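**Student:** Below is one structure. I have some questions about it.
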Amino acid sequence: MTKNETTEKELICILCPLGCKMSVSGVADSPEGLTIRGQQCKIGREYAYEEYTNPTRTLTSTVVITNAPLSRLPVKTNKPLPKELIYKAMEEINKVELSAPVKMGTVVIENLLDTGIDVVTTRSLG
Ligand code: SF4
């Protein structure tokens, strides 16, 4: 995705404990075309580009489970999801109801919102 706005964005890099504070501005379809300040390494520059043009997050949540000692089972997306889809993704996750036993890594939603991303369980239960 190409960023078509020139607004400056402040970011904190989360890739290592230094937590560099960065600013990003410009219009570009590669990190080289943007003005990125504050990073101390190349991967920080790439992180800033991704956060500026297409921010994503691994979504973690829980789903309802019956016939188990707990009432909810933790799940997560198997890849980072575009941030703008997180609300809709939560609506889909909230529709899931499982029945124990369930193994860790079970796909509970395949191809979430046509992204190619699955939602999987992160523990076994029952
Ligand atoms: S820019 Fe590089 S040095 Fe700074 S926090 Fe990110 S990974 Fe660490």
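**Student:** Hey, any hits in segment 29-43 for a residue that's surrounded by 13 or more Cβ atoms within 10 Å (Cβ to Cβ) and either in contact (Cβ under 8 Å) with a residue 40 or more places away in the chain or under 17 Å from the mean Cα position of the chain (by Cα) (or both)?
**Tutor:** no
**Student:** Considering every residue within segment 48-59, establish whether at least one is hydrophobic (A, V, I, L, M, F, W, C), in a loop (DSSP other than H, G, I, E, B), more than 12 Å from the ligand (Cβ to nearest atom) and under 22 Å from Asn111 (Cα atoms).
**Tutor:** Step one: filter segment 48-59 for residues hydrophobic (A, V, I, L, M, F, W, C), giving 48, 59.
Now drop any that are not in a loop (DSSP other than H, G, I, E, B), which leaves 59.
So of that shortlist, the ones also more than 12 Å from the ligand (Cβ to nearest atom) come out as 59.
Applying the additional criterion that residues be under 22 Å from Asn111 (Cα atoms) yields 59.
Checking segment 48-59: at least one residue is hydrophobic (A, V, I, L, M, F, W, C), in a loop (DSSP other than H, G, I, E, B), more than 12 Å from the ligand (Cβ to nearest atom) and under 22 Å from Asn111 (Cα atoms).
**Student:** Which one of Leu15, Leu73 is surrounded by 13 or more Cβ atoms within 10 Å (Cβ to Cβ) and in a strand (DSSP E or B)?
**Tutor:** Numbers: Leu15 fails: in a strand (DSSP E or B).
Within the list Leu15, Leu73, the selection yields Leu73.
**Student:** Kindly indicate whether Lys83 is within 16 Å of the chain's Cα centre (by Cα) and of a type in the set (Lys, Arg).
**Tutor:** Working: within 16 Å of the chain's Cα centre (by Cα): yes; of a type in the set (Lys, Arg): yes.
Considered against the rule, which asks whether it is within 16 Å of the chain's Cα centre (by Cα) and of a type in the set (Lys, Arg), Lys83 comes out as yes.
**Student:** Report yes if Val64 is in contact with an Asp or Glu (Cβ under 6 Å, 6 or more places away or on another chain), assigned to a strand (DSSP E or B) and among the hydrophobic types (A, V, I, L, M, F, W, C), otherwise no. Even if it seems obvious, please write down each step before you answer.
**Tutor:** Working: in contact with an Asp or Glu (Cβ under 6 Å, 6 or more places away or on another chain): yes; assigned to a strand (DSSP E or B): yes; among the hydrophobic types (A, V, I, L, M, F, W, C): yes.
Criteria met by Val64.
**Student:** For segment 18-34, name all the residues that are more than 15 Å from the ligand (Cβ to nearest atom) and farther than 17 Å from Pro55 by Cα. Walk me through how you get there before you give the answer.
**Tutor:** The initial filter retains those residues of segment 18-34 that are more than 15 Å from the ligand (Cβ to nearest atom), namely 25-30, 32-33.
Within segment 18-34, Glu32, Gly33 qualify.
**Student:** For segment 18-38, give me each residue that is modelled with pLDDT of 95 or more and in a loop (DSSP other than H, G, I, E, B).
**Tutor:** Leu18, Gly19, Cys20, Gly38
**Student:** When you scan segment 60-78, do you find a residue that is free of Cβ contacts under 8 Å to residues at least 12 places away in the same chain, more than 16 Å from the ligand (Cβ to nearest atom) and either closer than 26 Å to Leu113 by Cβ or within 19 Å of the chain's Cα centre (by Cα) (or both), even just one?
**Tutor:** Of the residues in segment 60-78, the ones free of Cβ contacts under 8 Å to residues at least 12 places away in the same chain are 71-72.
When the remaining residues are screened for being more than 16 Å from the ligand (Cβ to nearest atom), the result is 71-72.
Adding the requirement that they be either closer than 26 Å to Leu113 by Cβ or within 19 Å of the chain's Cα centre (by Cα) (or both) leaves 71-72.
Within segment 60-78, one or more residues are free of Cβ contacts under 8 Å to residues at least 12 places away in the same chain, more than 16 Å from the ligand (Cβ to nearest atom) and either closer than 26 Å to Leu113 by Cβ or within 19 Å of the chain's Cα centre (by Cα) (or both).
The values are calculated or read from the model by the stated rules, or taken from the named source; none is laboratory data. Treat the numbers as computed from the prediction; the structure is a model and nothing was measured. Note that each Cβ is placed from the backbone with ideal geometry, even for glycine, and that neighbours are counted across all protein chains shown.
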